[in-house]
1. Answer yes or no as to whether Arg137 is among the charged types (D, E, K, R), surrounded by 15 or more Cβ atoms within 10 Å (Cβ to Cβ) and modelled with pLDDT of 75 or more.
2. Say we look at the stretch 29-50 and pick out the residues that are at pLDDT 85 or above and touching a helix residue (DSSP H, G or I) at 6+ places or on another chain (Cβ under 7 Å); which of these is farthest from His71 (Cα to Cα)?
3. Which strands (runs of 3 or more DSSP E) sit wholly inside the stretch 108-187 and have at least 1 residues that are of a type in the set (S, T, N, Q) and assigned by TED's automatic domain parsing to the domain that holds Thr215?
Amino acid sequence: MSGAALLRQGESEAEQRIRSLAAANGVVPTLDPDTTLDIEFGTNEDGGNTVMVSATRRIPTFFMHVLGRQHLDVASVAEATVPPLDMVLVLDQSGSMERSDAWDDFQTAAEHFVDRFDDDIDQVSLVSGTNVAEGLRLAGRRFDVGPVRDRSVRVVVLTVSNPDQLTTDVRADEIRSDDVYLFVIGLGNPGAPEIEVPDHDFMRMLANVDGNTDTTQLQGAYYFAPSAAELGDVF
């Protein structure tokens with residue numbers, strides 16, 4: 001449900017989206033006394049935010065007039081849940097990141113990204129450094145020793161320029177093997193030599209896009225920001 005996607009930004013934002021979508025489909029109670037739209041927010045036993053939307057609308061009949069039926073009452077109910085999230089954001093601070101003049105934009109984009117989550121149900125932590133493989137190892141440790149909820153969705157978001165492939169691949173596999181989603185954001189540098197351009201195939205392999213690395217592991221996603229200016233949009 002589209003409105004549920006905005007629950008982390010507050011119930012008012014979610015309700016506004018739901019009412020907007022309902023109006024686009026002709027469900028506008030303020031204009032039609034025979035139309036209703038009810039929106040209920042709550043929390044389930046697993047700590048996830050829930051939203052239930054029920055709508056009714058009276059529509060006139062055509063052929064059923066001969067049977068004395070002048071209208072039909074149509075009803076619809078939908079429910080969606082936003083589960084709690086345990087996320088570790090791994091930021092690459094390597095020299096290649098500095099040479100692409102991306103670090104300031106990186107920090108700003110990361111701050112805005114974290115602001116999108118709900119402090120009441122989500123847990124977000126940060127790991128940063130120049131060794132990407134070590135950053136992934138520490139991210140995995142956060143799930144082992146931190147207060148991770150049983151029913152939460154566990155995610156690692158890796159933002160990187162060009163990591164060492166051998167060690168990074170091993171750490172990424174350890175994370176995915178522990179039923180953690182791995183999302184990878186690769187940063188390019190249009191004016192850089194080829195060695196500083198992300199290896200897109202390797203990045204997709206880290207994230208296990210479409211299960212191309214291991215079909216038994218969770219499938220993440222890979223996003224590419226051609227330059228620091230696009231980081232905000234990618235996040």
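1. Against the criterion (among the charged types (D, E, K, R), surrounded by 15 or more Cβ atoms within 10 Å (Cβ to Cβ) and modelled with pLDDT of 75 or more), Arg137 qualifies.
2. Phe41
3. Once the strands (runs of 3 or more DSSP E) in the stretch 108-187 are filtered for at least 1 residues that are of a type in the set (S, T, N, Q) and assigned by TED's automatic domain parsing to the domain that holds Thr215, what remains is 123-129, 153-160.
The values are calculated or read from the model by the stated rules, or taken from the named source; none is laboratory data. Here the structure is a predicted model, which is why all the values come from computation and not from measurement. Every residue, glycine among them, receives a Cβ derived from its backbone with ideal geometry; neighbour counts consider all protein chains shown.
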